[in-house]
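Encoded as structure tokens, the structure appears first; notes follow it.
None of the figures in this text is laboratory data; all of them are computed from the coordinates on show. A quick note: this is a predicted structure, and the numbers were derived from the prediction, not measured. For neighbour counting, all protein chains shown are included, and Cβ atoms are generated from backbone atoms with ideal geometry for every residue, glycine included.
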Amino acid sequence: MADAALFEFLHTEMVAELWTHPSDPGPGGQKMSLSVLEGMGFRVGQALGERLPQETLAFREELDILKFLCKDLWVAVFQKQMDSLRTNHQGTYVLQDDSFPLLIRMASGLQYLEEAPKFLAFTCGLLRGTLCILGIKSLVTASVASLPTCKFQVVIQKT
Amino acid sequence: MSRPAHRKPEYHKINKDLFVLTYGALVAQLCKDYEKDEDVNKYLDKMGYGIGTRLVEDFLARSCVRRCHSYSEITDIIAQVAFKMYLGITPSVTCNNSSRTEFSLILDKNPLVEFVEELPAGRSSLCYCNLLCGIIRGALEMVHLAADVTFLQDRLKGDRVTEIGITFLRKLDEKKYRRKK
């Protein structure tokens with residue numbers, strides 16, 4: 001059974017490596033690396049979604065799916081629950097993690113705030129990928145006001 | 001609606017799958033970025049090296065391994081403690097030379113390739129698990145041991161087993177341990 005630490009080490013190395021060699025070194029370079037990480041997270045999120053227990057696929061309400069992400073999925077992936085979930089009941093959800101494990105190793109507070117988005121891109125993709133398998137098209141972004149607290153914003157896309 | 005318990009076995013599997021799936025996505029991305037297999041292999045090794053240099057601290061903190069007195073002890077620890085701790089498998093160890101500096105780890109199960117049936121088309125020289133070689137090399141270097149670590153055999157390439165070769169490059173100072181067997 002692969003230790004949770006292995007994923008964290010791999011993720012940190014991916015953030016470091018994908019950042020230092022953008023395939024397009026122009027001003028669009030930064031965005032491309034973030035989107036590559038997000039894309040990888042998306043594929044992994046889809047693959048994880050396909051492995052979920054059968055009963056999770058029988059959710060009736062959108063809110064139940066988001067609650068599932070905050071509790072069961074977050075525990076399975078990060079060994080803790082999301083700390084809060086808010087919604088405007090019109091398709092926008094804000095998921096807040098007060099001590100996001102992938103940010104914990106970085107100093108807390110305002111130092112390294114600029115670096116934080118690189119550490120969130122993969123997880124945004126992961127959420128988007130799992131939602132996709134559960135039948136929900138979404139846009140997921142993340143923001144950090146102060147490490148290690150971060151907020152994931154999920155906006156449901158109505159097709 | 002009743003809430004499922006959080007420690008259901010399926011969720012343990014999700015956690016284990018997370019690393020394996022992420023690794024797969026990484027290899028796929030590198031195959032997109034690099035045309036030549038050697039370049040992907042080198043990159044995986046380099047990333048593994050970076051991970052290994054940090055992983056060794058985590059390993060030493062979690063295990064209570066005592067100071068080793070020979071390369072074969074070290075290789076045994078890699079196979080029986082480290083591999084077991086992080087990947088849940090215990091490769092068998094063989095020694096390949098009389099001066100006891102070259103060893104092989106034989107993996108008959110490899111969780112990294114659980115979802116890989118065969119190498120992608122046109123990628124016959126890809127060392128899919130090359131990250132492992134880099135990790136071992138990086139970890140050993142942090143404890144002041146230089147070693148070459150490569151795949152000698154690979155089931156994904158049609159070999160019977162998957163075999164990682166570790167060749168220690170500098171002899172440990174033997175003066176202190178002459179008393180030992």
Assuming R0 = 51 Å, can you tell me the calculated FRET efficiency for the pair B:Lys109 and A:Asp83, based on Cβ-Cβ distance, to the nearest 0.05?
0.85
Whole-angstrom gap from the stretch B:22-80 to the stretch A:75-96, using each part's C-alpha centre:
34 Å
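Computed FRET efficiency, Cβ-Cβ of A:Leu57 and B:Arg170, R0 45 Å: what is it to the nearest 0.05? Working shown, then result.
Working: r = 56 Å, r/R0 = 1.24.
Calculated transfer efficiency: 0.20.
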Using a Förster radius of 25 Å, what is the FRET efficiency between B:Thr90 and B:Arg67 based on their Cβ-Cβ separation? Nearest 0.05, please.
0.70
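In µm²/s, what is D for the protein assembly as shown at 37 °C and 0.692 mPa s, where D = kT/(6 pi eta Rh) by Stokes-Einstein and Rh is the Kirkwood radius from Cα pairs?
Working: Rh = 21.6 Å.
D, rounded to a whole number, is 152 µm²/s.
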Residues whose modelled amide H sits under 5 Å from the amide H of B:Leu152, counting only those 5 or more places away in sequence or on another chain, are B:Glu163, B:Ile164, B:Gly165
What does the charge add up to near B:Val161, with Lys and Arg as +1, Asp and Glu as -1, over the other residues with Cβ less than 12 Å from its Cβ?
0
Using the Karplus curve 6.51 cos²θ - 1.76 cosθ + 1.60 with θ = phi - 60°, work out ³J(HN,Hα) for each residue of the stretch A:136-145 in order, rounded to whole Hz, and write x for Gly and Pro.
10, 8, 8, 10, 10, 10, 9, 9, 10, 9
In the protein assembly as shown, with Lys and Arg counted as +1 and Asp and Glu as -1 at Cβ, which of these residues, A:Gly91, A:His11, B:Asn96, has the Cα nearest the positive end of the dipole, that is, farthest along it?
B:Asn96
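Can you give the net charge of the other residues whose Cβ lies under 12 Å from the Cβ of A:Lys137, counting K and R as +1 and D and E as -1?
Numbers: positive: A:Arg128, A:Lys158; negative: A:Glu62.
Cβ neighbours under 12 Å give a net charge of +1.
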Mind pulling the per residue volume of the convex hull built on the Cα atoms of chain A? Å³ is fine.
124 Å³
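Rounding to the nearest 20 debye, state how big the charge dipole of the stretch B:16-168 is about its Cα centre with +1 on each Lys and Arg Cβ and -1 on each Asp and Glu Cβ.
Working: 17 positive and 21 negative charges, 82 e Å.
I would put it at about 400 debye.
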Got a sec to turn the phi values of the stretch B:58-70 into Karplus ³J(HN,Hα) couplings, 6.51 cos²θ - 1.76 cosθ + 1.60 with θ = phi - 60°, whole Hz, x for Gly and Pro?
4, 5, 5, 5, 8, 9, 10, 5, 8, 4, 8, 10, 7
Please list, in order, the residues from the stretch B:106-147 whose amide nitrogen is less than 15 Å from a point placed 7 Å along the Cα→Cβ vector of B:Val161.
B:106-110
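Using a 10 Å cut-off on Cβ to Cβ distances, tally the other chain neighbours for every residue of B:26-37 and report the average as a whole number. Let's see the in-between values first.
Numbers: counts 8, 0, 2, 7, 2, 0, 2, 4, 0, 0, 0, 0.
Counting other chains' Cβ atoms within 10 Å and averaging over B:26-37 gives 2.
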Can you pull the mean other chain C-beta count within 10 Å for peptide A:36-47?
4
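Quick check on chain B: helices-only [θ] at 222 nm, where DSSP H runs of length 4 and up contribute -39,500 (n - 2.57) each and the sum goes over total residues. Nearest 500, please. Please list the in-between numbers first.
Values: 5 runs with 76 residues, N = 181.
About -14000 deg cm²/dmol.
Please arrange B:Asp17, A:Asp98, A:Asp83, A:Asp3 by how many other C-beta atoms lie within 10 Å of their C-beta, fewest to most. Provide the component values of the computation, followed by the final result.
On the way: B:Asp17 22, A:Asp98 11, A:Asp83 14, A:Asp3 19.
By the 10 Å Cβ count, ascending: A:Asp98, A:Asp83, A:Asp3, B:Asp17.
Counting pairs of alpha carbon atoms under 8 Å apart in space and at least six apart in sequence, what relative contact order in percent does the stretch B:47-181 give?
Details: 197 pairs, mean separation 38.7, N = 135.
Averaging sequence separation for qualifying contacts and normalising by length gives 29 percent for the stretch B:47-181.
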Radius 14 Å from Cβ of A:Ser84, net charge of other residues (Lys, Arg +1; Asp, Glu -1)
+2
